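The values are calculated or read from the model by the stated rules, or taken from the named source; none is laboratory data. It should be emphasised that the depicted structure is a prediction, and the values quoted were computed from it without experimental measurement. Positions of Cβ are generated from backbone atoms using ideal geometry, with glycine treated the same way; all protein chains shown enter the neighbour counts. For the accessible areas, the whole protein counts, side chains as well, though only heavy atoms, and no ligand, DNA or RNA atoms are used. Shrake-Rupley method; radii C 1.70, N 1.55, O 1.52, S 1.80 Å.
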Amino acid sequence: MIGQGAFGEVYRAEQPGVGRPVAVKKIRSRFANQPAFIRRFEAEAQLVARLEHPHIVPLYDYWRDVHGAYLVMRWLRGGDLHQALQGGPWAPQDAARLLDQLAGALAAAHRQDVVHRDFKPANVLLDGDGNAYLADFGIAARIMDPTEVALLPTSAARYRAPEEVAGAPTDRRSDVYSL
């Protein structure tokens, strides 16, 4: 296990067929076995898997069983932006490059009518060269019962758009606000 959040845990694993490291996100069974989640999980996973951009973490595979739902994604060795920011301010040119990469990733998602809905530093992964990759498109949050999501603790409230905090519908502008 390499991390955990409100919806589940993330594990580093090896994809045996191709011998590459991957990240496996296991969504907790208490969420993954809700009828609303089951109805929408596959459609949402397929939607996110179709997103293609150099700075979006690709979704390689997904499945669901009684123990949870699973998302298999590219493994990135550089940690996340939240961790990187703990080291202090970034040089302006590095910050501008990161913002350019992430804005491009969001624009690509928005062209496919996908709203991230959970844009925060912990959902920006970094490679060994400091390039940014947008991850975790809020798939669990989008397909859960909204009343259940609202009860979850969050450390990312400062990145949420005002309409999201108020419980109103979100759209592309909400992602731009979070960026």
Where a residue in region 119-135 is closer than 23 Å to Asp171 by Cβ and of a type in the set (Lys, Arg) and its partner, wherever it lies, is open to solvent by less than 20 Å² (accessible area, probe 1.4 Å) and not in a loop (DSSP other than H, G, I, E, B), with Cβ under 8 Å and at least six apart: Lys120/Ser178
Residue in region 28-45 that is touching a residue at least 12 places away in the same chain (Cβ under 8 Å), of a type in the set (Gly, Ala, Ser), outside any helix (DSSP H, G or I) and open to solvent by less than 60 Å² (accessible area, probe 1.4 Å) present: no
Whichever residue in region 86-121 is open to solvent by 70 Å² or more (accessible area, probe 1.4 Å) and within 14 Å of Glu52 (Cβ to Cβ) and, among such residues, is modelled with the lowest pLDDT: Gln112
Unmet requirement for Pro54, which otherwise passes all of (1) in a helix (DSSP H, G or I); (2) open to solvent by 20 Å² or more (accessible area, probe 1.4 Å): (1)
Condition check for Val24: outside any helix (DSSP H, G or I) and within 16 Å of the chain's Cα centre (by Cα): yes
Every residue from region 61-85 that is open to solvent by 60 Å² or more (accessible area, probe 1.4 Å), out of contact with any helix residue (DSSP H, G or I) (no Cβ under 6 Å at 6 or more places or on another chain) and either β-branched (Val, Ile, Thr) or in a strand (DSSP E or B) (or both): Asp61, Trp63, Val66, Arg74
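What number of residues within region 75-101 are touching a Lys or Arg at 6+ places or on another chain (Cβ under 9 Å) and either acidic (Asp, Glu) or touching a residue at least 60 places away in the same chain (Cβ under 8 Å) (or both)? Quick ask: steps written out before the conclusion?
In the first step, residues of region 75-101 are kept if they are touching a Lys or Arg at 6+ places or on another chain (Cβ under 9 Å); the result is 75, 81-82.
Subset that is either acidic (Asp, Glu) or touching a residue at least 60 places away in the same chain (Cβ under 8 Å) (or both): 75.
Of the residues in that region, 1 qualify.
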